[in-house]
Amino acid sequence: MDITTGIVLAAGEGTRLRPLTFNRPKTMLPAAGRPILEHVLDVLVDCGIERLCLVVGYQHERVQEHFGPSYRDVPITYVHQKKQLGSGHALQQAAPETDGPVLVLNGDRVLDEGIVADVLEGFDGTPAMAVLDHPTPTKYGVVEVDDGTLSKLVEKPESDSFGQINAGVYAFGESVFDAIERTPRRSGELHLPDVIGTLMDDGEVRAVSTDGLWVDATYPWDLLYLTRELLANGRVQFPERSHNVWVADSARVHPDATLQGPVVVGPDAEIAASAVVGPDVAVGRNATIGGNVTLQNTLLDSDCRVGPGSTLVDCVAGQSVSIGPGTVVPGGPSDVRVGDRVFENQGLGAVLADRVSVGGGATFTPGTLVGADATIGTGAHVSGWVRDGAEVVR
């Protein structure tokens with residue numbers, strides 16, 4: 001039984017990735033020079049999906065304006081989840097747009113084409129779910145499998161005794177929407193793992209053991225890990241100028257600049273003389289890197305400007321960030337406060353959200369998070385959490 005429709009759940013807000021998600025959804029955050037969601041849609045198109053249905057919600061305009069009516073000539077239908085009431089509720093919104101079996105997956109995780117292909121292969125109408133080994137299963141829903149059949153699904157395990165996780169890739173017949181209707185809500189929300197439980201009560205759910213690249217970004221520093229993994233696996237759309245160095249045709253790299261792979265330089269970006277870029281760096285579209293700049297393990301989104309003589313290590317910069325000359329982000333490890341939690345020993349120098357302006361000679365304590373539209377004055381020393389629109393002076 002062939003599946004030609006792919007439903008991508010892309011409505012979530014990504015609150016744990018703030019301040020980067022104050023102005024856009026998690027699925028539109030950068031991963032090796034492109035939005036995470038582009039990587040997801042590439043996998044679906046490469047697997048032969050002929051119709052895409054994107055369930056959007058938070059900041060949905062950002063998704064729809066970026067992709068428009070189609071992606072790589074595959075038509076896109078948008079469904080708006082007006083209130084984020086769980087992944088099962090998100091899938092339910094797509095019911096009027098479906099006809100026949102569907103492939104369902106999350107829009108905020110980058111994964112191998114082979115994982116999707118394994119779920120599609122041999123689909124006979126029996127609900128199927130991808131499962132794979134993971135080193136930290138307690139972060140995800142874990143599973144027990146008995147002879148290829150899902151026997152247990154634990155959404156929030158308390159130990160790492162389970163070996164496999166729910167990879168969030170599903171193949172369903174149309175009966176899944178009936179199962180959604182019969183699944184109890186929890187605190188007003190409907191979660192897809194609970195729907196899987198209903199399907200297990202109804203009969204068999206096939207557990208498809210698979211492997212390959214599967215990367216999730218939960219917190220801001222995870223975007224650096226995600227980019228490193230994509231570069232290590234060569235998941236880059238631009239030409240490879242030399243080993244592990246990808247440069248878009250329209251980018252301008254001065255002959256005296258040094259690119260230390262793995263590194264990717266996006267379209268219309270410019271890198272000046274004596275800059276040292278890499279390893280593990282993604283330079284976004286239309287970014288400008290000044291002379292004598294050093295970038296290591298750093299992710300720069302589109303339209304960033306980095307002034308001459310700056311050093312950025314373990315840094316994430318959002319769209320249209322302007323960094324003055326001589327700025328220093330020394331890198332981690334560091335303790336990072338997200339909300340009321342402190343995460344110890346994270347490899348993060350700083351996060352600068354969209355449109356942050358940094359004056360020359362500023363320095364950042366490792367683990368600093370700077371909100372969108374904030375202004376950092378010349379020579380300022382910054383640490384902790386800086387709220388959106390704030391101004392920091394010496």
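The values are calculated or read from the model by the stated rules, or taken from the named source; none is laboratory data. Everything numeric here is computed off the predicted structure, so don't read it as measured data. All Cβ positions, even for glycine, are placed from backbone atoms using ideal geometry, and neighbour counts span all protein chains on display. Areas reflect the complete protein model, heavy atoms only, side chains present, ligands, DNA and RNA absent. Shrake-Rupley method; radii C 1.70, N 1.55, O 1.52, S 1.80 Å.
Quick notes on this structure:
- Count - residues of segment 319-335 that are part of a strand (DSSP E or B) and of a type in the set (Ser, Thr, Tyr): 2
- The residues on offer are ALA130, ALA217, ALA167, and the sole one that is out of contact with any Asp or Glu (no Cβ under 8 Å at 6 or more places or on another chain) and under 28 Å from MET28 (Cα atoms) is ALA167.
- Residue pairs meeting the criteria (Cβ under 8 Å; at least 6 apart or on separate chains; first part of a loop (DSSP other than H, G, I, E, B), in segment 193-214; second modelled with pLDDT of 90 or more and aromatic (Phe, Trp, Tyr)): none
Residues are listed down the side, and each one gets a yes or a no for (1) open to solvent by less than 10 Å² (accessible area, probe 1.4 Å); (2) more than 25 Å from PRO19 (Cβ to Cβ); (3) at pLDDT below 90:
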residue: ARG185; (1), (2), (3): no, yes, yes
residue: ASP194; (1), (2), (3): no, yes, yes
residue: ALA217; (1), (2), (3): yes, no, yes
residue: GLU240; (1), (2), (3): no, yes, no
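- Screening ILE180, ILE165 for residues that are open to solvent by less than 30 Å² (accessible area, probe 1.4 Å), touching a residue at least 24 places away in the same chain (Cβ under 8 Å), in a helix (DSSP H, G or I) and β-branched (Val, Ile, Thr) leaves exactly one candidate, ILE180.
Yes/no per residue for (1) at pLDDT 90 or above; (2) on the phi > 0 side of the Ramachandran plot:
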position: GLU97; (1), (2): no, no
position: LEU103; (1), (2): yes, no
position: VAL110; (1), (2): yes, no
position: ILE115; (1), (2): yes, no
position: PHE123; (1), (2): no, no
position: HIS134; (1), (2): no, no
position: TYR140; (1), (2): no, no
position: GLY148; (1), (2): no, yes
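- Taking segment 61-73 as the range and being outside any strand (DSSP E or B) and open to solvent by less than 40 Å² (accessible area, probe 1.4 Å) as the test, the residues that pass are VAL63, PHE67, GLY68.
Conditions tested, residue by residue: (1) out of contact with any Phe, Trp or Tyr (no Cβ under 8 Å at 6 or more places or on another chain); (2) open to solvent by 50 Å² or more (accessible area, probe 1.4 Å); (3) part of a strand (DSSP E or B); (4) touching a residue at least 60 places away in the same chain (Cβ under 8 Å).
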| position | (1), (2), (3), (4) |
| --- | --- |
| VAL264 | no, no, yes, yes |
| ALA282 | yes, no, yes, yes |
| ARG285 | yes, yes, no, yes |
| GLY291 | yes, no, no, no |
| LEU295 | yes, no, yes, no |
| GLY309 | yes, no, no, no |
| VAL313 | yes, no, yes, no |
| VAL316 | no, no, yes, yes |
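- Contacts under 6 angstrom Cβ, first residue in segment 56-80 being among the aromatic types (Phe, Trp, Tyr), partner open to solvent by 60 Å² or more (accessible area, probe 1.4 Å), 6 or more apart: TYR78/GLN64
Yes/no per residue for (1) surrounded by fewer than 19 Cβ atoms within 10 Å (Cβ to Cβ); (2) of a type in the set (Gly, Ala, Ser):
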{"position": "LEU54", "(1), (2)": "no, no"}
{"position": "PRO75", "(1), (2)": "yes, no"}
{"position": "VAL79", "(1), (2)": "no, no"}
{"position": "LYS83", "(1), (2)": "yes, no"}
{"position": "ALA90", "(1), (2)": "no, yes"}
{"position": "VAL102", "(1), (2)": "no, no"}
{"position": "LEU105", "(1), (2)": "no, no"}
{"position": "GLU113", "(1), (2)": "yes, no"}
{"position": "VAL116", "(1), (2)": "no, no"}
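- Scan of segment 327-361 for residues that are buried (at least 20 other Cβ atoms within 10 Å of the Cβ) and either touching a Cys at 6+ places or on another chain (Cβ under 6 Å) or at positive phi (or both), ordered by number: VAL329, GLY331, GLY349, ALA350
- Top-ranked residue in segment 27-52 [being open to solvent by less than 20 Å² (accessible area, probe 1.4 Å) and part of a loop (DSSP other than H, G, I, E, B); ranked as nearest to PRO75 (Cα to Cα)]: ILE49
- Note on segment 9-26: residues that are in contact with a helix residue (DSSP H, G or I) (Cβ under 6 Å, 6 or more places away or on another chain) and either surrounded by fewer than 17 Cβ atoms within 10 Å (Cβ to Cβ) or not in a loop (DSSP other than H, G, I, E, B) (or both) total 4.
- Residue that is of a type in the set (Gly, Ala, Ser), farther than 15 Å from LEU20 by Cα and in a loop (DSSP other than H, G, I, E, B), where the choices are GLY360, GLY389: GLY360
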